[in-house]
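Okay, so here's the structure we're looking at.
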Amino acid sequence: MDKIIITIDGWSSCGKSTLAKQLARELHYVYIDSGAMYRAITLHFLRNHVDWTNPEAVEHALGEIRLEFMTNHKNGQTEMWLNGENVEYVIRDLVIAEKVSEVAAIRAVREFAVSRQQEMGRKKGIVMDGRDIGTVVFPHAELKIFMTADEDVRVQRRFRELYEKNPNVTLEEVKHNLSMRDYIDSHREVSPLRKAEDAIVLDNSHVTMKEQLDIAKKWVKEILG
Ligand code: DC
């Protein structure tokens, strides 16, 4: 087998993107952060005061959105661009995190994002992380990983990440946001977060980054032979 598709789904802040980036680097694959697309759409809606309870307003706003992933040659990372603007930093803000699950639950928004994600995987050689990648976007992916970690561990990780950018953020705020997103993401009507039947579970509560990468590389090796 030449190149495969690797999907990594799971709860918020359990290290999906860290593993996805490491795997993509090792395998010389493309890494796509599907959550960044929902975050960029949310940013556009907020900036333009789009009433996302109105389907016509949503359709119109989606028609104005151009999403691109571009490589930052300084650090080799793939970054999210919205209508020609690099939004990689601003979409990580808690203001976006507070609304993104609501926006990502809208059917038209999902159709918009999923068709672009499927297009990006046409040539395979891709690692994509998200919530519905193994179930809806690439149901025939060769390797599907479902990541999980204890809630306290996830809250601490996300808190440290956000605190670096904004020391005013509190642990309570982060905990509340995380459990709210987990709830909405797993209870929404359209493609809720769930483990694909053929996905392998990776619980990284007590596993180092190096160990989790080694585990995933072993799984890739088993497939590629
Ligand atoms: O992975 P993340 O935290 O950046 O994702 C942000 C939000 O986007 C998350 O709360 C749910 C939504 N999302 C989704 O519904 N489907 C995906 N494939 C990826 C993210």
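Per residue, the solvent-accessible area of region 13-171 (1.4 Å probe, heavy atoms of protein chains only, all protein chains present) comes to 50 Å². With every protein chain in place, what's the accessible area of Leu27 (1.4 Å probe, Å², nearest 10)? Counting only protein heavy atoms, the figure is 50 Å².
Compute log10 of I(q)/I(0) for region 8-97 with the Debye formula, placing one identical point scatterer on every Cα and leaving out solvent, at q = 0.17, 0.23, 0.24 Å⁻¹, to two decimals. For region 8-97 at q = 0.17, 0.23, 0.24 Å⁻¹, log10 I(q)/I(0) is -0.80, -1.20, -1.26.
Ranking Lys210, Lys16 from most to least accessible surface, computed with a 1.4 Å probe over the protein chains only, gives Lys210, Lys16. Stokes-Einstein D for region 46-87 at 20 °C, 1.002 mPa s, Kirkwood Rh over Cα pairs, in µm²/s? My calculation gives 181 µm²/s for D.
Gain on full extension, evaluated as 0.36 nm per residue between Lys221 and Arg116 minus their Cα-Cα distance, stands at 35.0 nm.
Of the chymotrypsin sites (Phe, Trp or Tyr not before Pro) in region 1-96, the ones in a loop by DSSP (not H, G, I, E or B) with at most 16 other beta carbons within 10 Å are Tyr89.
Straight distance only, please: which lysines reach the Cα of Lys221 with their own Cα at less than 24 Å, same-chain residues fewer than 8 apart left out? Here the lysines satisfying the reach criterion relative to Lys221 are Lys3, Lys16, Lys21, Lys123, Lys124, Lys144, Lys195, Lys210. Summarising the strand pairing of the chain, around 30 percent of its internal DSSP beta bridges are antiparallel. A full extension of the chain between Asp214 and His28 corresponds to an added length of 65.4 nm, given 0.36 nm per residue minus the alpha carbon distance. The figure for Arg92 is an accessible area of roughly 60 square angstrom, using a 1.4 Å probe on the protein chains alone. Remark: relative contact order (the chain) = 34 percent; criterion is Cα-Cα distance under 8 angstrom and separation of 6 or more residues. What the Cβ-Cβ distance of Met180 and Asn48 gives, at R0 = 25 Å and to the nearest 0.05, is a FRET efficiency of 0.55. The reciprocal of the average 1/r between distinct C-alpha atoms defines the Kirkwood hydrodynamic radius, which for the chain equals 17.9 Å. The simple Förster model, with R0 at 25 Å and r as the Cβ-Cβ distance, assigns Ser205 and Leu171 a FRET efficiency of 0.90.
Here Lys165 is the anchor, and the aspartates and glutamates within straight C-alpha reach of less than 12 Å, apart from those fewer than 8 places off in the same chain, are Asp93.
The values are calculated or read from the model by the stated rules, or taken from the named source; none is laboratory data. Because the structure is predicted, anything quoted here is derived from the model rather than measured. Here Cβ is always computed from backbone atoms with ideal geometry, including for glycine, and neighbour counts include all displayed protein chains. All accessible areas refer to the heavy atoms of the entire protein, side chains included, with ligands and DNA or RNA removed. Shrake-Rupley method; radii C 1.70, N 1.55, O 1.52, S 1.80 Å.
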